[in-house]
Amino acid sequence: MSLVVRNARLLDGRLVDLLAEDGRWTRIDESIAADAAREVEADGRLVTPPLVDCHLHLDASLTAGKPRWNESGTLIEGIHVWGELKPSLTEQDVFERAREIVRWSVAQGTLFIRAHADVSGENEAMVRGLLRLRDEVADLCTVQVTAFPQDGIFARDGDEERLENALRLGVDCVGGIPHYEPTAELGLKEVHRVFELAKQYSRRIDVHCDETDDPSSRFLEVMADDTVKFGLGGRVTASHCTAMGSYEPYYSSKLHGFLRRAGINIVVNPYANSLIQGRLDVYPKRRGFAQLKELLAAGVNVSLGNDVIMDPWYLMGRADMVEAASLALHFTYMSGLEEIPEMLRCATERGARTLGVEDEYGIEEGKPADLVVYDAPSALEVLRLHPPRRWVIRRGRVVAETTPARTTLLGEPVTFAPPL
């Protein structure tokens with residue numbers, strides 16, 4: 001199998017041809033005189049490596065309204081609604097809903113996903129369904145499964161053992177939620193236990209950390225310290241971290257240094273956190289986001305996730321990482337001319353670093369021939385227009401193709417491009 005992509009515009013503005021053979025890029029140059037089984041004419045469109053969704057609750061996707069709606073819209077009521085539903089779930093149901101979201105994701109250029117499987121409670125359907133999904137869609141999309149104790153490790157008898165059992169079943173990452181434990185002391189105990197398990201089972205770590213508006217929630221500094229002590233730099237991710245939106249400047253600056261030293265990855269989830277955080281505030285309301293702009297400036301790796309799609313926490317969503325990057329851009333003030341391409345990197349290259357797949361990721365000769373061709377010429381236009389992914393390529397094969405819509409006004413085309 002061979003494929004050539006012509007006149008593709010890289011993020012740095014260069015126009016190149018790309019040749020893929022046997023699923024890998026074999027030549028990237030200004031012009032390639034070669035025949036291939038399939039030829040794609042990018043015609044100056046922007047191309048990037050695949051989009052990466054670093055945080056997605058596939059086990060809960062497409063369950064909105066079951067068994068009831070989250071009337072308050074809060075994180076806590078969402079957890080309660082989910083808790084009422086999950087005892088009735090089956091492995092097949094989890095698998096089918098998750099597979100549908102993977103189809104949506106791939107069609108829009110996301111070929112790497114880190115999914116969180118709830119392992120709290122006696123029903124193993126969530127973790128077993130997602131492990132089956134990981135294996136069955138591997139040719140189409142790389143899925144990592146995190147064992148996520150939604151209700152904490154120590155709040156209920158047996159949940160610590162269930163978390164460890166998920167590691168024995170073969171999940172890729174060990175998760176946690178220390179701020180949701182009954183006491184701060186148990187939250188500290190949970191963080192340390194997560195690191196012990198990760199070391200014991202040689203797994204990566206991805207913890208829901210400080211997803212609250214409470215400025216006294218500071219488990220992230222404990223994660224940074226444990227990362228150094230356990231020698232796990234680059235293998236640890238803290239997701240959400242919304243308490244950062246309430247930290248005062250001195251502590252924030254100190255924390256940035258801790259995170260850079262530890263080599264922790266931070267994942268921002270703009271959809272749910274833009275609606276959940278600040279719910280109890282009177283005006284002015286806090287934005288409740290991790291300090292994405294400041295973290296990048298401090299040298300911390302930051303990436304993005306869809307988090308939730310049509311579930312008890314968020315009734316909307318369509319698995320589009322470009323839209324997620326655009327929303328994060330607005331909430332974190334990343335609107336500068338040089339910052340906009342960096343937001344797209346948060347949804348691509350930086351996400352690959354978070355998942356630890358960077359050695360097999362990127363538009364470079366010898367790497368897997370994975371590519372997204374946007375129907376737009378630049379990162380700015382991609383984040384302005386949210387354009388269709390014209391072609392999505394996985395291992396040198398076109399797996400998704402979208403024909404852009406055509407709009408006319410009184411018979412004349414409207415392109416939504418600024419006048420020259």
Subject >> Amide H partners (placed H, <5 Å) of K367, local residues excluded >> reply: W25
Original post:
Taking 0.36 nm per intervening residue step and subtracting the Cα-Cα distance, what contour gain separates E161 from E96 on full extension?
Top reply: 20.7 nm
Original post:
How big is the C-alpha Rg of the range 350-420 next to the rule-of-thumb value 2.2 N^0.38 Å, as a ratio?
Top reply: 1.44
Original post:
DSSP beta bridges in the chain, what fraction antiparallel, as a percent rounded to 5?
Top reply: 40 percent
Original post:
So what's the convex hull volume per residue for the Cα atoms of the range 132-221, in Å³?
Top reply: 106 Å³
Subject >> E41-L15 pseudo-label distance in nm [points 7 Å out on the Cα-to-Cβ vector] >> reply: 1.3 nm
**OP:** Between beta-carbons, use under 9 Å as the cut-off and find the net charge around V373, counting Lys and Arg +1, Asp and Glu -1.
**Re:** +2
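Report the gain in length on full extension from S88 to V398: 0.36 nm times residue separation, minus Cα-Cα distance, nm rounded to one decimal. Show your work: numbers first, answer last.
Values: separation 310, 0.36 × 310 = 111.60 nm, distance 3.82 nm.
Full-extension gain reported as 107.8 nm.
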**OP:** Starting from the alpha-carbon convex hull of the range 244-340, give the projected area averaged over all orientations, in nm².
**Re:** 7.0 nm²
Original post:
Rg to Rh for the range 179-288: what is it, with Cα atoms only and Rh by Kirkwood?
Top reply: 0.98
Original post:
For the chain: lysine pairs with Cα atoms under 17 Å, gap of 8 or more or different chains, count?
Top reply: 5
Original post:
Dimensions of the range 268-400 along principal axes (Cα, Å, largest first)?
Top reply: 54, 34, 28
**OP:** Write down the radius of gyration of the range 66-146 and its Dmax, each obtained from C-alpha positions, in Å.
**Re:** 13.7, 40
**OP:** Would you mind putting 399-407, 120-128, 139-147, 70-78 in packing order, based on average other-beta-carbon counts within 10 Å, highest first?
**Re:** 139-147, 120-128, 70-78, 399-407
Subject >> Low-density loop cleavage sites - chymotrypsin sites (Phe, Trp or Tyr not before Pro) in the range 259-333, where at most 15 other Cβ are within 10 Å (DSSP) >> reply: Y333
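Wrap a convex hull around the Cα atoms of the range 1-151, take a quarter of its surface area, and give that in square nanometres.
11.2 nm²
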Original post:
In percent, how large is the relative contact order of the range 7-108, given Cα pairs closer than 8 Å and 6 or more residues apart?
Top reply: 22 percent
**OP:** Report which label in (i) 148; (ii) 132; (iii) 160 holds the value of volume of the Cα convex hull per residue in Å³ derived from the coordinates of this structure.
**Re:** (iii)
**OP:** May I ask you to derive the relative contact order of the chain, considering only C-alpha pairs under 8 Å and at least 6 residues apart, and to give it as an integer percent?
**Re:** 19 percent
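State, as an integer percentage, the relative contact order of the range 164-220 based on alpha-carbon contacts under 8 Å between residues 6 or more apart.
RCO, the range 164-220: 40 percent.
Every read-out reported here was derived from the displayed coordinates using simple, explicitly stated rules and does not represent laboratory data. Treat the numbers as computed from the prediction; the structure is a model and nothing was measured. Note that each Cβ is placed from the backbone with ideal geometry, even for glycine, and that neighbours are counted across all protein chains shown.
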